[in-house]
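Heads up, the thing below is written out as structure tokens.
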């Protein structure tokens, strides 16, 4: 723990970063956090002058994928500065201290920075049988999370485990795995779901809290609107194929090789809110759909129990999900869609006919030396 924490700018200068590097970082992180140009000066001033916030980073029932994602952020300064240069006083995964030494640091941070520290939680908290299924330093995670939350300024629930309970709370949920917001009800909580969340999203949330000293705008689930206001479907590069009714039927068919829409193989992109198709992972290289796998909806509540990963809401391809995704579930999907089927079927037939004619012309071109326009002109 650091008695007199420096600002992020001071720490960057100490490590050899220039003023230009710092301003570039501010611009990058502001954009990632959804802060427009008028708010950039506020970010710069905050990172220049405000002490780095004390952070207690807790781990419960989870696989540490959130931390793994964070330390592999696409922007090198995120991992090098944010994770290391926030005053990360306690982290069960990353701290060098162990045993009594680690617990003393935790206790001192809670006392010295009461009402000031940021509490972040990775993993669900077991509640059955008094919470005995996850114990740390001889105490249950249930007891610890309540005690540490009491003095926290705000809480961030990293990932779908802390936000929703994730697979640990899947039926029949023998440990009583529970998300943070169902245990702590008297503190502001930001949920950053995903399995894992995108690293730049995690960094953006922390910087927003530091720069503006308030929670970002949240949706009705408590997720930052900057990152969770649009469906994966809306930014998917395969969306034109969805609209045209061209779908992958199985993972090894011709449509899969052509990169057609994965809706019929279970893609939950139309009902999943996240920035996957915009920010992406691994230095912005790819995300699940781009890798050829349908979205499983990992940012949404109960995604592990909703339905099989490779099946989806009953719907006419190309239109049904647009009217049903946010209001109905799989059970009533077919009924709701039936009422608007006549209009959509006609639209899809026209699209398929046009696509089929174009494909036919292209195939004919391969076997004929005449340009397509001349062939049509002679018909």
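The values are calculated or read from the model by the stated rules, or taken from the named source; none is laboratory data. This one's a predicted model, so the numbers in the text were calculated from it and none came from an experiment. For neighbour counting, all protein chains shown are included, and Cβ atoms are generated from backbone atoms with ideal geometry for every residue, glycine included.
Any chance segment 258-272 includes a residue that's touching a residue at least 60 places away in the same chain (Cβ under 8 Å) and surrounded by 19 or more Cβ atoms within 10 Å (Cβ to Cβ)? Checking segment 258-272: not a single residue is touching a residue at least 60 places away in the same chain (Cβ under 8 Å) and surrounded by 19 or more Cβ atoms within 10 Å (Cβ to Cβ). What do you reckon, is residue 120 outside any loop (DSSP other than H, G, I, E, B), out of contact with any helix residue (DSSP H, G or I) (no Cβ under 7 Å at 6 or more places or on another chain) and within 16 Å of residue 162 (Cβ to Cβ)? In short, yes.
The residue that is nearest to the chain's Cα centre (by Cα), counting only those in segment 80-107 that are more than 30 Å from residue 276 (Cα to Cα) and modelled with pLDDT under 85, is 89.
Among residues of segment 95-111 that are without any contact (Cβ under 8 Å) to a residue 24 or more places away in the chain, those with a beta-carbon under 9 Å from a residue that is exposed (fewer than 14 other Cβ atoms within 10 Å of the Cβ) and in a helix (DSSP H, G or I) at least six positions away or on a different chain give the pairs 97/104.
Can you find, within segment 62-79, the residue that is modelled with the lowest pLDDT among those that are outside any loop (DSSP other than H, G, I, E, B) and surrounded by fewer than 17 Cβ atoms within 10 Å (Cβ to Cβ)? Of everything passing the filter in segment 62-79, 76 is modelled with the lowest pLDDT.
Criterion applied to 293, 233 was being touching a residue at least 12 places away in the same chain (Cβ under 8 Å), over 30 Å from residue 187 (Cα atoms) and part of a loop (DSSP other than H, G, I, E, B), and the one residue passing it is 293.
So in segment 108-137, with the set limited to residues that are within 27 Å of the chain's Cα centre (by Cα) and closer than 13 Å to residue 56 by Cβ, which one is surrounded by the most Cβ atoms within 10 Å (Cβ to Cβ)? Looking at residues that are within 27 Å of the chain's Cα centre (by Cα) and closer than 13 Å to residue 56 by Cβ, I get 121. Being more than 15 Å from residue 131 (Cα to Cα) and without any contact (Cβ under 8 Å) to a residue 12 or more places away in the chain is the filter here; which residues of segment 169-185 pass it? Listed by number, the residues that qualify are 172, 185. Per this entry, residue 196 is counted among residues that are in contact (Cβ under 8 Å) with a residue 24 or more places away in the chain, surrounded by 18 or more Cβ atoms within 10 Å (Cβ to Cβ) and in a loop (DSSP other than H, G, I, E, B). The requirement of being closer than 30 Å to residue 106 by Cα, in contact with a helix residue (DSSP H, G or I) (Cβ under 8 Å, 6 or more places away or on another chain) and at pLDDT 85 or above is fulfilled nowhere in segment 27-40; no residue meets it. Return the pairs, sorted by first residue and then second, in which the second residue is assigned to a helix (DSSP H, G or I), the first residue lies in segment 138-152 and is surrounded by fewer than 20 Cβ atoms within 10 Å (Cβ to Cβ), the beta carbons are less than 6 Å apart, and the residues are 6+ apart or on different chains. Partner pairs satisfying both residue conditions: 151/110.
Take segment 127-156 and flag every residue that is closer than 11 Å to residue 184 by Cβ and part of a loop (DSSP other than H, G, I, E, B). 152, the sole residue that qualifies. Within segment 230-254, if we keep just the residues that are crowded, with 18+ Cβ neighbours inside 10 Å and over 29 Å from residue 201 (Cβ atoms), the residue that is nearest to the chain's Cα centre (by Cα) turns out to be 247.
Would you mind stating whether residue 277 is modelled with pLDDT of 90 or more, part of a loop (DSSP other than H, G, I, E, B), closer than 22 Å to residue 70 by Cβ and in the same structural domain as residue 205 (by TED's automatic domain parsing)? The answer is no for residue 277. Given (1) more than 23 Å from residue 88 (Cβ to Cβ); (2) surrounded by fewer than 24 Cβ atoms within 10 Å (Cβ to Cβ); (3) in contact (Cβ under 8 Å) with a residue 60 or more places away in the chain, where does residue 166 come up short, assuming only one miss? For residue 166, the failing item is (2). In segment 217-229, the residue that is farthest from residue 160 (Cα to Cα) out of those that are at pLDDT 90 or above and buried (at least 16 other Cβ atoms within 10 Å of the Cβ) is 218.
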